[in-house]
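Single-structure report; data block below.
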Amino acid sequence: MARIAGVNIPTNKRVIIALRYIHGIGPSFAKEICEKVGVEESRRVNQLTDAEVAKIRETIDAGYMVEGDLRRDTSMNIKRLMDLGCYRGLRHRKKLPVRGQRTHTNARTRKGPAKPIAGKKK
């Protein structure tokens, strides 16, 4: 099992797919990393040598913000908005949709399960 950026990536998957298990690396970054290191996208993780895994690890550490740093950066950005008291910050604080979606209906992911109101009838 290869461990990159603090994440155990699956050994039986292709490299380009396995790299996506790291928070902050998607399809385009995975492809870019494979090209930089010189690893074929079709190869499996268990076929990689230790040197290639180390090269991938160094490339990610040097040029990409992933995992803990990225999560910390994101949470600090949200906290900054909340401290400012701007509209987006207030929406975050109230746990409501931030990007202009309707809340009269829907928005259940953000608001949580519907709570019945006692005594309300049609």
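The values are calculated or read from the model by the stated rules, or taken from the named source; none is laboratory data. This one's a predicted model, so the numbers in the text were calculated from it and none came from an experiment. FYI the Cβ positions are ideal-geometry reconstructions off the backbone, even for glycines, and counts take in every protein chain you see. Just the protein is used for accessible areas: all its heavy atoms, side chains included, with ligands, DNA and RNA removed. Shrake-Rupley method; radii C 1.70, N 1.55, O 1.52, S 1.80 Å.
For the reader, a short list of remarks on this structure follows.
- Protection proxy ranking of 69-79, 50-60 - average other beta-carbon atoms within 10 Å, highest first: 50-60, 69-79
- Considering the chain, its Cα convex hull presents a mean projected area of 11.6 nm².
- Among the listed pairs 79/115; 94/121; 13/55, those with a Cα-Cα distance over 23 Å are 79/115; 94/121.
- Accessible surface of the stretch 31-106, 1.4 Å probe, proportion on carbon and sulfur as whole %: 48
- Accessible area of the chain divided out per residue, in Å², using a probe of 1.4 angstrom: 73
- Overall, the chain carries a charge dipole of about 1720 debye about its Cα centre when +1 sits on the Cβ of Lys and Arg and -1 on the Cβ of Asp and Glu, all other atoms neutral.
- Inter-part distance, the stretch 85-122 to the stretch 21-60, computed on C-alpha centroids, equals 41 Å.
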